[in-house]
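Scroll down for the structure; my scribbles are underneath it.
Readers should treat all values here as calculations from the given coordinates under stated rules, not as data from a laboratory. Owing to the predicted nature of the structure, the values given are computational and were not obtained by experimental measurement. All Cβ positions, even for glycine, are placed from backbone atoms using ideal geometry, and neighbour counts span all protein chains on display.
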Amino acid sequence: MDAAEIVFGGPRHLELAGVGARGREWPVPFSVEPVLALRGHRVAVLASGDPFWHGAGGSLSRHLAPEDWQVFPAPSCFSLAAARLGWKIEETMCLGLHAAPFERLTPVLHEGARILCTLRDGDAAGDMARWLTTRGYGASRMTVCEALGGPRQRLRGTVAESYELTDVAHPVVVAIEARGAPGLPRASGLADDLFASDGQITKRPVRALTLSALAPRPGQHLWDLGAGSGSISVEVCLAAPGTTATALEARADRAANIRVNARAFGLEHRITTVEGRSPDALANLPDPDMVFVGGGATVALVTALWKRLTPGTRLVINAVTLETEALLIGYHGSHGGHLLRADLAEAGPLGSMRGWDRARPVLQWTVTR
């Protein structure tokens with residue numbers, strides 16, 4: 001670092017390193033562009049201890065050749081916290097929440113979960129305690145880890161619902177031992193009432209069948225066309241790490257529900273909501289690995305999809321009208337795939353007794369392009 005012409009880092013890092021006039025603070029919002037603009041110069045970057053563990057290393061290396069940089073890692077804050085707590089890192093969820101909402105915890109919280117989180121500042125620890133409490137995890141044990149690895153290091157334990165810690169020093173990591181709510185089920189087909197909806201939602205049993213047909217794999221991308229509440233997008237993103245979705249919806253009020261649901265499940269960074277109609281709005285979307293059409297399939301839409309989709313893309317279309325059923329039966333004859341008809345009924349009141357409330361039959365066509 002002594003030979004560097006320019007040194008980038010946060011204000012705290014620059015002060016600790018004593019680089020003086022050579023120091024450059026990271027821009028807000030964060031960007032690596034100022035560093036990349038200095039290619040050919042001797043530039044040092046002060047990042048987190050392990051810059052490839054929720055740090056700037058990955059952001060920079062995507063734009064550089066291996067011979068363009070050197071890295072000198074040190075123990076990360078997660079390693080330092082785990083070492084003090086005696087937690088196995090391979091059994092602990094580690095999240096960077098210093099620039100992300102607490103909702104990112106939603107998919108991973110469950111009774112007994114151990115989670116380490118970086119936070120933006122000391123006040124955020126109290127905000128997290130209140131967030132956990134309102135979501136049924138008030139009994140969770142929290143260990144607030146301040147300035148790990150340095151002379152100001154301090155660890156203090158508390159319970160979320162009775163959090164009263166003050167003067168929490170930055171940088172801060174919070175360790176959570178979750179107690180209370182059971183967390184989200186891991187099987188496909190979450191309860192309908194978990195989603196904001198005006199009633200336009202793929203109901204739980206049909207959603208489970210649809211998720212099975214879509215068969216999401218890690219890192220794949222979904223087109224959810226006529227997304228309604230976005231429940232399919234949400235469950236696809238919960239099903240496998242790194243999956244993403246584009247939810248296309250023509251109505252602004254329903255698009256708003258999709259955004260609410262994406263945020264509530266901690267998935268707003270993985271679900272993109274686009275207001276528009278198929279097939280006109282498909283031209284500028286990123287190529288999908290799977291496509292779901294929940295209703296309203298037409299010859300124009302299926303023709304456009306068949307031309308646009310690359311070989312290997314999975315297409316799942318559900319139909320509840322006779323006209324759309326006839327369309328899918330025809331396409332099954334000409335394009336192959338799998339045709340499934342589901343007749344579902346749930347028990348409901350019938351006078352003083354009970355009877356079967358039958359849903360509309362659903363015809364589902366699944367095909368690989």
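Structure notes:
- When the trypsin sites (Lys or Arg not before Pro) in region 121-218 are filtered for DSSP coil states and for at most 13 other beta-carbon atoms within 10 Å of their beta-carbon, the remaining sites are R152, R186.
- DSSP beta bridge pairing in the chain, given as percent antiparallel to the nearest 5: 55
- Using only side-chain charges placed at the Cβ, +1 for Lys and Arg and -1 for Asp and Glu, the dipole size of the chain relative to its Cα centre rounds to 460 debye.
- Hydrodynamic radius (Kirkwood) for the chain, which is based on Cα pairs only, to one decimal in Å: 23.7
- Note on region 34-178: Rg/Rh from Cα positions, Kirkwood definition for Rh, rounded to two decimals, is 1.03.
- The relative contact order of region 102-181 comes to 45 percent, based on Cα pairs under 8 Å that sit 6 or more residues apart.
- Cα lying deepest toward the dipole's positive end in region 144-240, options S231, L214, V144, charges on Cβ: L214
- Förster radius 41 Å - calculated FRET efficiency between S162 and A208 (Cβ-Cβ, nearest 0.05): 0.55
- Relative contact order for the chain, counting Cα pairs under 8 Å that sit 6 or more residues apart, in percent: 10
- When every Cα-Cα distance of region 321-369 is counted in 5 angstrom steps from zero, the calculated P(r) takes the values 5, 19, 21, 15, 11, 10, 8, 6, 3, 2, 0 percent.
- Hull volume in cubic angstrom per residue (convex hull over the Cα atoms of region 286-369): 105
- Rh by Kirkwood over Cα pairs, then Stokes-Einstein D for region 15-101 at 1.567 mPa s and 4 °C, µm²/s: 86
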